[in-house]
Amino acid sequence: TVVNKNFLTLIDYVNYFKKNGVKIVFFEMPINPSLTQLPLAKFIRAEFYKRFPAEEYIYINIPDNSNYKTTDGLHLTDKESLWYTTYFKESLKVNSLD
């Protein structure tokens, strides 16, 4: 499938960057809450955890989507982009990437 092919490519990239000392952090942007539970979104999320186990990789949990507004379901408004940027930076500190 296309998703499987894309994951195989992603695995290659992740391995390359890990070999070069890069810390990998996975995150999911907040989007319209109804979209996060669509079958494809759930499948992709499950594949990430299967192929990149949380015991081996850092994941930043998606914040409560109901607190974020989007322009079209996927793209955050300017205000929400700033909120998420703050959340993201704080989450990186908590996950101590040093």
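Taking the condition of being at pLDDT below 90 and open to solvent by 50 Å² or more (accessible area, probe 1.4 Å), how many residues in region 75-96 meet it? Spell out how you get there, then give the answer.
Step one: list which residues in region 75-96 are at pLDDT below 90, which gives 92-96.
Now narrow it down to the ones that are open to solvent by 50 Å² or more (accessible area, probe 1.4 Å): 93-96.
Of the residues in region 75-96, 4 are at pLDDT below 90 and open to solvent by 50 Å² or more (accessible area, probe 1.4 Å).
Report whether or not Phe27 is in contact (Cβ under 8 Å) with a residue 12 or more places away in the chain and open to solvent by 80 Å² or more (accessible area, probe 1.4 Å). Before the answer, list the steps.
On the way: in contact (Cβ under 8 Å) with a residue 12 or more places away in the chain: yes; open to solvent by 80 Å² or more (accessible area, probe 1.4 Å): yes.
Criteria met by Phe27.
Give me the pairs: first residue in region 60-85 and under 14 Å from Ser34 (Cβ atoms) and free of Cβ contacts under 8 Å to residues at least 12 places away in the same chain, second residue part of a helix (DSSP H, G or I) and open to solvent by less than 50 Å² (accessible area, probe 1.4 Å), beta-carbon distance under 6 Å, and six or more apart or on different chains, which are they?
Here the result reads Lys69/Glu80, each pair linking region 60-85 to a residue that is part of a helix (DSSP H, G or I) and open to solvent by less than 50 Å² (accessible area, probe 1.4 Å).
Answer yes or no as to whether Glu47 is over 26 Å from Phe7 (Cα atoms) and not β-branched (Val, Ile, Thr). Please lay out each step first, then the result.
On the way: over 26 Å from Phe7 (Cα atoms): no; not β-branched (Val, Ile, Thr): yes.
Here the answer is no, as Glu47 does not meet what is asked.
Provide a single number: the residues in region 46-70 that are in a loop (DSSP other than H, G, I, E, B) and modelled with pLDDT of 90 or more.
Quick first cut of region 46-70, residues in a loop (DSSP other than H, G, I, E, B) only: 52-57, 61-64, 68-69.
Now narrow it down to the ones that are modelled with pLDDT of 90 or more: 52-57.
Final tally of qualifying residues: 6.
Among the candidates Thr36, Thr1, Thr9, which residue alone is more than 24 Å from Tyr84 (Cα to Cα), open to solvent by less than 70 Å² (accessible area, probe 1.4 Å) and hydroxyl-bearing (Ser, Thr, Tyr)? First the steps, then the outcome.
Details: Thr36 fails: more than 24 Å from Tyr84 (Cα to Cα); Thr1 fails: open to solvent by less than 70 Å² (accessible area, probe 1.4 Å).
Of the residues listed, the single one that is more than 24 Å from Tyr84 (Cα to Cα), open to solvent by less than 70 Å² (accessible area, probe 1.4 Å) and hydroxyl-bearing (Ser, Thr, Tyr) is Thr9.
Just name the residue that is modelled with the highest pLDDT out of those in region 14-45 that are assigned to a helix (DSSP H, G or I) and of a type in the set (Gly, Ala, Ser). Working first, answer last.
Start the filter on region 14-45 by keeping residues that are assigned to a helix (DSSP H, G or I), which leaves 14-19, 33-36, 39-45.
This time we only want the ones that are of a type in the set (Gly, Ala, Ser), so: 34, 41.
Details: Ser34: 87, Ala41: 91.
Of everything passing the filter in region 14-45, Ala41 is modelled with the highest pLDDT.
The values are calculated or read from the model by the stated rules, or taken from the named source; none is laboratory data. These numbers were taken from a predicted model, which means no experiment stands behind them. Every residue, glycine among them, receives a Cβ derived from its backbone with ideal geometry; neighbour counts consider all protein chains shown. Note: areas computed on protein heavy atoms with side chains; ligands, DNA, RNA excluded. Shrake-Rupley method; radii C 1.70, N 1.55, O 1.52, S 1.80 Å.
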